[in-house]
Amino acid sequence: MSKIALITGATAGIGEACTKRFAKEGYNLIVTGRRTERLQKLAEEITRTFSVKVVELTLDVRDKLEVERQLNQLPEEWKAVDVLINNAGLSQGLEPIHQGSTDDWDTMIDTNIKGLLYVTKVVSNWMVGRKSGHIVNLGSIAGKETYANGNVYCATKHAVDSLNKAMRIDLLPYGIKVSGIHPGAVETEFSEVRFKGDTDRARKVYEGFEPLAAEDIADTIWFVVSRPAHVNINDLLIMPVAQANSSHLIRKEPSA
Ligand code: NDP
Ligand code: 8X3
């Protein structure tokens, strides 16, 4: 069987772009997300375009028992996962700490930290058994710096940054690679989700400069995963040219 990649959050943005990129490279894929219809459409598209096999799992990464149940129920040959891309994640709200919603905080912590851990626990065990594998964790510039009103989202991505380092140490004896990918602004559904469907507000986030595209991140992840066996890229920060860091971004004035 060809190599296998398991991608969380494959229904949109970076996860969807990674799915297409890895399919193009001949990987069989386990794709996950909560939106079944999108998973089915994606699976249909990539099996039609590339001769690869796809397993779709409708899965909320926050549901620990369901993560364990669905992953452990996979046929044995699908448990030989070569690459895990821990991509599922989100931001909710952009308010100062005293005005933030505790429900939003729970959602971000449960998805970005706990969900990533639940998936990693199961899949890293398989990798340890085979003494082989590569885990790619989607962090963010928000995991390297903190910006105004980003408080809890930034904290979850700092946790991912810390878990990258921890996983790299714990999995070192088994030859498992762990890479952290930390993008700046990427135009996906991210801001629409952050602003809970307010598309006008979301659009403004990317106005006046050229943001990264999901495909830029998928290309970068493919580069990281396709290095020779003895090479690991530990950590990558990737930004649009217009963005220096979380608080310095140059926008062009709209032409009159
Ligand atoms: P999108 O909103 O476009 O995609 C997010 C994906 O995560 C969707 O497929 C969504 O699937 C999935 N997801 C969210 N919650 C859950 C859940 N509880 N269970 C399973 N899947 C879930 O955003 P991006 O592609 O931009 O984001 C991908 C990752 O990249 C995130 O971790 C984000 O924090 C990170 N990132 C994004 C940046 C950006 O500027 N866009 C910059 C830096 C990092 P579904 O809704 O179907 O469950
Ligand atoms: C997403 C990028 O700058 O909105 O992680 O936090 S940012």
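Roughly how tilted is helix 13-24, in degrees to the nearest 10 and between 0 and 90, from the longest Cα axis of the chain?
Its long axis makes an angle of about 40 degrees.
Treating each Cα of region 63-181 as an identical point scatterer and ignoring solvent, apply the Debye formula and state log10 I(q)/I(0) at q = 0.13, 0.18 Å⁻¹.
At q = 0.13, 0.18 Å⁻¹ the computed log10 ratios are -0.54, -0.91.
Based on alpha-carbon positions alone, could you give the equivalent ellipsoid semi-axes of the chain from the gyration tensor, as √(5λ), descending, whole Å? Intermediate values should be presented prior to the final figure.
Working: eigenvalues 169, 79, 71 Å².
One finds semi-axes of 29, 20, 19 Å for the chain.
If you put +1 on each Lys and Arg Cβ and -1 on each Asp and Glu Cβ, how big is the dipole of the chain around its Cα centre, in Debye rounded to 20?
680 debye
Above 17 angstrom, tally the Cα pairs of region 1-130 and express them as a % of all pairs, no decimals.
Value for region 1-130 (Cα pairs over 17 Å): 58 percent.
What is the order of 98, 158, 134, 248, fewest Cβ neighbours within 10 Å to most?
The most exposed by this proxy come first: 98, 248, 158, 134.
Among the listed pairs 144/177; 114/252; 79/144; 3/41, which are separated by more than 30 Å between their Cα atoms? Walk me through the numbers on the way to the answer.
On the way: 144/177 21 Å; 114/252 39 Å; 79/144 33 Å; 3/41 22 Å.
Table pairs above 30 Å Cα-Cα are 114/252; 79/144.
Would you mind ranking 167, 127, 239 so that the residue whose beta carbon has the fewest other beta carbons within 10 Å leads the list?
239, 167, 127
Out of region 175-249, which chymotrypsin sites (Phe, Trp or Tyr not before Pro) are coil in DSSP terms and have no more than 15 other C-beta atoms within 10 Å?
Sparse-neighbourhood loop chymotrypsin sites (Phe, Trp or Tyr not before Pro): 209.
Name the residue from 146, 124, 173 whose Cα lies farthest towards the positive end of the charge dipole of region 122-178, charges +1 on Cβ of Lys and Arg and -1 on Cβ of Asp and Glu.
Farthest towards the positive pole: 173.
Just how far, in whole angstrom, is region 133-151 from region 73-92 if you go by their alpha carbon centroids?
19 Å
Looking at region 176-256, which trypsin sites (Lys or Arg not before Pro) are DSSP coil and have at most 16 other C-beta atoms within 10 Å of their C-beta?
Numbers: sites: 177, 194, 196, 201, 203, 204, 251, 252; in loops: 196, 251, 252.
Counting only loop positions with at most 16 other Cβ atoms within 10 Å, the trypsin sites (Lys or Arg not before Pro) in region 176-256 are 196, 251, 252.
Between helix 151-170 and the chain, what is the angle of the helix's C-alpha long axis to the longest principal axis, kept within 0 to 90° and rounded to the nearest 10?
It is inclined by approximately 30 degrees.
Evaluate the distance, in nm, between pseudo-label points positioned 7 Å from the Cα of residue 232 and of residue 247 along their respective Cα→Cβ axes.
Taking the simple label geometry, residue 232 and residue 247 are separated by 3.4 nm.
Over all distinct Cα pairs, what is the inverse of the mean 1/r for region 103-173, reported as the Kirkwood hydrodynamic radius in Å? Walk me through the numbers before you get to the answer.
Working: mean 1/r = 0.0772 Å⁻¹.
Here the Kirkwood hydrodynamic radius works out to 13.0 Å.
Tilt of helix 116-130 relative to the longest C-alpha principal axis of the chain, in degrees (0 to 90, nearest 10)?
30 degrees
On a full-extension model of 0.36 nm per residue, what is the gain between residue 48 and residue 101, subtracting their alpha-carbon distance, rounded to one decimal in nm?
Taking residue 48 through residue 101 to full extension adds about 14.8 nm, to one decimal.
Where a number appears in this text, it was derived from the coordinates with a stated rule and is not lab data. Source: prediction; values computed, not measured. When we count neighbours, we look across all protein chains shown, and the Cβ atoms used for this are built from the backbone with ideal geometry, even at glycine.
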